[in-house]
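The next block holds one structure in the form of structure tokens; read it before the comments.
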Number of protein chains: 2
Amino acid sequence: MMGTPQQERWIRSIPVSTQPPSLKDNTADVDRLVKGIEKALGGEEVSIDLSLSRKISTLLREHHYHVEVILCQEHSSWHVVDILPLTETGSVYGLAVDLGTSVIAVCLLDIATGEVKEETSFLNPQIQVGPDILTRIHHAGREGGLQELQGLMVTRLNQEIRFLAERRGISTRRIVGASVAGNTTMTHLFLGLDPYWICREPYIPVLNRPGLIRASDLGLEIHERGVVFVFPNAGSYFGGDLIAGILASGMNRREEISILVDVGTNAEVVLGNKDWLVACAGAAGPALEGGVASMGMMAGPGVIDKVGIDPGTGEFQVRTIDGLAPKGICGSGMIDLAAQLYLAGMIDMRGKYVPEKCGERIRTIDEVQHLTIVFPEDSGTGEALTFSQAEIDALLRSKAAMHTILTTMIRMIHLAWKDFRKFYVAGTFGSYINPRSAIVLGMLPDLPLDTYEALGNTSLAGAARALLSLRKREEVEEIRNRVTYVEMNVNQEFMNEFSAARFIPHTDRTLFPSVP
Amino acid sequence: MMGTPQQERWIRSIPVSTQPPSLKDNTADVDRLVKGIEKALGGEEVSIDLSLSRKISTLLREHHYHVEVILCQEHSSWHVVDILPLTETGSVYGLAVDLGTSVIAVCLLDIATGEVKEETSFLNPQIQVGPDILTRIHHAGREGGLQELQGLMVTRLNQEIRFLAERRGISTRRIVGASVAGNTTMTHLFLGLDPYWICREPYIPVLNRPGLIRASDLGLEIHERGVVFVFPNAGSYFGGDLIAGILASGMNRREEISILVDVGTNAEVVLGNKDWLVACAGAAGPALEGGVASMGMMAGPGVIDKVGIDPGTGEFQVRTIDGLAPKGICGSGMIDLAAQLYLAGMIDMRGKYVPEKCGERIRTIDEVQHLTIVFPEDSGTGEALTFSQAEIDALLRSKAAMHTILTTMIRMIHLAWKDFRKFYVAGTFGSYINPRSAIVLGMLPDLPLDTYEALGNTSLAGAARALLSLRKREEVEEIRNRVTYVEMNVNQEFMNEFSAARFIPHTDRTLFPSVP
């Protein structure tokens, strides 16, 4: 990120000096300043809002015609965000925002250096209205519902913006731009656009390309004349978050074919290279009910993210985040656990517990088998942490869904796994996942381990790139226009594939030669 | 005006039909509509505000994808002002506004036909703060003064807009554009820009080119997304009103050399043709103290605008506006009167009353001679209407100032009166003036009478032209860039010339061969 060349910046802060007016040169103050800026920019066009024009005469005189000018490049011209005394030197900042359905992530960047100065994430406050997208879309249709949802999001964002600025010791007015990526519904709710038709045939968003919007029009409390770039969507089920992910991975500019899987609230998949991009997102039907991401609790201190079982002694080794006493298990921990249970013979290929292998750890509560992972004396909660047969079944449904989606997609475009050089796993979930465990379970294809790369929050990373570079901002539009969205047919063949994929690693073991 | 070709309109209302969305074409609603509009416009770029985007999905569905689209052409794209049901057919309107220091004139035009539908004028309510520009500039510098002045003007304008719309039986939302011309200070006050430096060396406006502004940013209560074109100025003493005047006269596009004189609060003069334009405005120094326009009362019912004196009988014939009993005399009436008095020998070449020629009409009140123009029994006020020696003196100072400005200007650019084919007299004052009387007095040069053409309110006429035609709107900028503004040196030569011009018609009688 820090490598983005300065000349690509669409947000800039430059010193501008003009000659004071005289009887010989009585050009108006604003026109004089605009000329000065245009000269400093090498002749590019500049526009100034009336609201800013109102204070320019005083400012120029007070500061002897030497000022700092903050600019945002719009379509055909540079928009002047503010004029400040040169003495008030300081960096200008921008925000990269990932509007997740569950979690919103925000990053404060120093525009000049490209450095991340602050980063934070918090629950999307719309969760209080409903945890899932559909509930929120319905809520938006009620009297005042849309304004409520937008207000919740923007108010919470503003609170975080103030907090970040305070922590950094800067004024929020020094934050002069933002770049926002989210799925189509979150983007609509952020913009105050009714998502009503997103979930109704023929599934039409209000808007594909929000483009550049003034911060004040959104109620976003950065500089009121700051410019907010909102990622476009390619359809109701193909949002700006995924476009940001493609941008962050760089797969759209490489010769070799890559695959990007973003496991968020839905599983979203993009395949392609510099010549073509195919995406499939969301609607994998009832198979994905509960979501891939329903697995385990959110990562946090004391949460088990890694599990090992000694095949000789049957001893469990768990690693927790921050090394605290374990109090739960997150998705990647569950995948590790299930893979280890399988390798230790404690579950069979159907995912059923093998009691004779589990020993004292297994017990039946309410007719459901539970395996003790952490005994009460080692637990952070004082109670045993267990893993039930029902949880295994749910995990296997999720992994089968993921496998089926991936298999169906590459079959649709007539490719095989060997054609892929890179397999990017995006999402917070993806950053913790152990690819080997996912392969053992049959969740991810049996590719060489170095094919896998965890990218973390690619929506946030893509937003940050577009914030720092005009070329990247323009590349977003290019990706949007280039990507082909395919609907996944949840037909008999898909369901058959899904059933076969519920086994560990799969009924067709030749697909997973590396798994014992 | 009605002749302006339809294809030059920068405000348009067009019907747009799009295909309803389907599973095969799931382009977002806004993008679908934008494509439809771009197609209807022949491929030009279109932009839609977020505020309008919010209602498009519902509108399109309610009206089965057939709507009326109202557009304003900005710089590089067409801005969508509104989307309306096709059923709600009706014209779209625009306002032409002349922001005079004393009088504001407003014209409501049907955009499609170019017809003037309503026209009105009213006192600039800022007069309550101060009748002259300087007082208002000083007032703007006080706490809240600028906002007060802007508020007065905008509130009054909004009141008239509502009134015009009501009289026309239309909604103010059908007024979707405006074109506003005023002198530099009035334009600044309208825009809420501090005119502080306009009257202080080196006399710098805040802004030369206000350009296109959204109605809502100005508080102007036409359609909130309507676009207001504000005429640029070429300097503190060369405002948009004069540029509008040049546009209205068309002198900037003709081969022959013309002169345009706008007698408003100041006397403003422009000379030139399609190759060059030279202007001189305002500051003619103390000679113009009181202003050319201080002559007489404003034209209105019962005001004398024409006077004849029978050289044989010495009988006076007066014509009043609307033929009512006379109650006062306006500027053009005074010029007629003074010329007739001179021709009848009732005043001499110094403008002094010749008592023996005046008979019973002359009397001395407080040591000042007064001539009775209308006897009490014929007057609309019940009292005699008189014309004092002091009034003649003031009139002669004004006419001398005008003559001196004109003479000095044509001398500065090395031209002679015979080089001019057209002499345009602008301003309400100019519409009533009798050129022959003005020549007799030595106010206007002794040119063939058909050289003179009264144009009326050219600021308003120019604003109307720019409202109806993009080509004219662009021509405004061209005029602004092309005109050379010359400062008039009020030096000894000017003062000598001024003294000589206080005689009727002039001390150098060879300048006025047609005057006996």
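For this structure, a couple of remarks:
- Among the conditions (1) without any contact (Cβ under 8 Å) to a residue 60 or more places away in the chain; (2) under 30 Å from A:S22 (Cα atoms); (3) away from chain A (no Cβ under 14 Å), the only one that B:A181 does not satisfy is (1).
- Enumeration of residues in segment B:411-430 that are open to solvent by less than 50 Å² (accessible area, probe 1.4 Å) and at pLDDT below 90: B:I413, B:A426, B:G427, B:F429, B:G430
- In segment B:53-67, the residues that are in contact with a strand residue (DSSP E or B) (Cβ under 7 Å, 6 or more places away or on another chain) and open to solvent by 10 Å² or more (accessible area, probe 1.4 Å): B:L59, B:H63, B:Y65, B:H66
- Selection from segment A:224-243 of residues that are away from chain B (no Cβ under 13 Å), open to solvent by less than 10 Å² (accessible area, probe 1.4 Å), under 16 Å from A:T101 (Cβ atoms) and not aliphatic (A, V, I, L, M): A:F231
- Any hit, segment B:17-27, residues being part of a helix (DSSP H, G or I) and either touching a helix residue (DSSP H, G or I) at 6+ places or on another chain (Cβ under 6 Å) or surrounded by 21 or more Cβ atoms within 10 Å (Cβ to Cβ) (or both): no
- Restricting attention to segment B:35-60, the residues that are out of contact with any Phe, Trp or Tyr (no Cβ under 8 Å at 6 or more places or on another chain) and in contact (Cβ under 8 Å) with a residue 40 or more places away in the chain total 4.
- Cβ-Cβ under 8 Å pairs, at least 6 apart or on other chains, segment A:442-461 side without any contact (Cβ under 8 Å) to a residue 60 or more places away in the chain, far side part of a loop (DSSP other than H, G, I, E, B) and open to solvent by less than 60 Å² (accessible area, probe 1.4 Å): A:L447/A:F420; A:T451/A:F420; A:Y452/A:L444; A:A454/A:I433
- Failed condition for A:H188, given (1) open to solvent by 40 Å² or more (accessible area, probe 1.4 Å); (2) within 11 Å of another protein chain (Cβ to nearest Cβ): (1)
- Pick from segment A:66-95, criterion assigned to a loop (DSSP other than H, G, I, E, B) and under 11 Å from A:I14 (Cβ atoms), ranking: nearest to the chain's Cα centre (by Cα): A:V92
- Qualifying residue in segment A:32-44 (condition: open to solvent by less than 50 Å² (accessible area, probe 1.4 Å), farther than 30 Å from B:T187 by Cβ and not in a strand (DSSP E or B)): no
- Filtered residues of segment A:22-55 (kept if facing chain B (nearest Cβ under 9 Å), farther than 28 Å from B:L218 by Cα and not basic (K, R)): A:S22, A:L23, A:D25
- Segment A:158-211: number of residues that are assigned to a helix (DSSP H, G or I) and either over 15 Å from A:T120 (Cβ atoms) or small (G, A, S) (or both): 15
- Qualifying residue in segment A:449-460 (condition: in contact with a helix residue (DSSP H, G or I) (Cβ under 9 Å, 6 or more places away or on another chain), surrounded by fewer than 21 Cβ atoms within 10 Å (Cβ to Cβ) and under 23 Å from A:G323 (Cβ atoms)): yes
- Whichever residue in segment A:432-446 is within 16 Å of A:L406 (Cα to Cα) and open to solvent by 20 Å² or more (accessible area, probe 1.4 Å) and, among such residues, is nearest to the chain's Cα centre (by Cα): A:P435
- Any hit, segment A:203-216, residues being more than 11 Å from chain B (Cβ to nearest Cβ), of a type outside the set (D, E) and in contact with a strand residue (DSSP E or B) (Cβ under 9 Å, 6 or more places away or on another chain): yes
- Checked against the criteria, B:T484 counts as in contact with a Leu (Cβ under 8 Å, 6 or more places away or on another chain) and open to solvent by 60 Å² or more (accessible area, probe 1.4 Å).
- Unique match (being aliphatic (A, V, I, L, M), over 15 Å from A:V103 (Cα atoms) and either crowded, with 21+ Cβ neighbours inside 10 Å or touching a strand residue (DSSP E or B) at 6+ places or on another chain (Cβ under 7 Å) (or both)) among A:L134, A:L123, A:L193: A:L193
- Of all residue pairs spaced 6 or more apart or on separate chains, those with beta-carbon atoms under 6 Å, a first member in segment B:364-384 that is without any contact (Cβ under 8 Å) to a residue 60 or more places away in the chain and a second member that is loosely packed, with under 13 Cβ neighbours inside 10 Å and in a loop (DSSP other than H, G, I, E, B) are B:P376/B:E383.
- Selection status of B:V154, in contact (Cβ under 8 Å) with a residue 24 or more places away in the chain and outside any helix (DSSP H, G or I): no
- The condition of being without any contact (Cβ under 8 Å) to a residue 40 or more places away in the chain, more than 14 Å from chain B (Cβ to nearest Cβ) and surrounded by fewer than 19 Cβ atoms within 10 Å (Cβ to Cβ) holds for A:S171.
- Of the residues making up segment A:429-486, those that are acidic (D, E), out of contact with any Ser or Thr (no Cβ under 7 Å at 6 or more places or on another chain) and within 24 Å of A:K418 (Cα to Cα) are A:D450, A:E453.
- Some residue of segment A:493-501 being crowded, with 23+ Cβ neighbours inside 10 Å, among the aromatic types (F, W, Y), more than 24 Å from A:I257 (Cβ to Cβ) and in contact with a helix residue (DSSP H, G or I) (Cβ under 9 Å, 6 or more places away or on another chain): yes
- In segment A:244-271, the residues that are surrounded by fewer than 24 Cβ atoms within 10 Å (Cβ to Cβ) and assigned to a loop (DSSP other than H, G, I, E, B): A:G250, A:R254, A:E255, A:E256, A:I257, A:T265, A:N266
- Top-ranked residue of segment B:325-382 - restricted to ones that are out of contact with any helix residue (DSSP H, G or I) (no Cβ under 7 Å at 6 or more places or on another chain) and among the hydroxyl-bearing types (S, T, Y), ranked as least open to solvent (accessible area, probe 1.4 Å): B:S379
The values are calculated or read from the model by the stated rules, or taken from the named source; none is laboratory data. Since this is a predicted model, take the numbers as computed values, not measurements. Cβ sites come from the backbone with ideal geometry, for glycine too, and all protein chains shown count toward neighbours. Ligands, DNA and RNA are stripped out before the accessible areas are found, and what is left, the full protein with its side chains, is counted by its heavy atoms. Shrake-Rupley method; radii C 1.70, N 1.55, O 1.52, S 1.80 Å.
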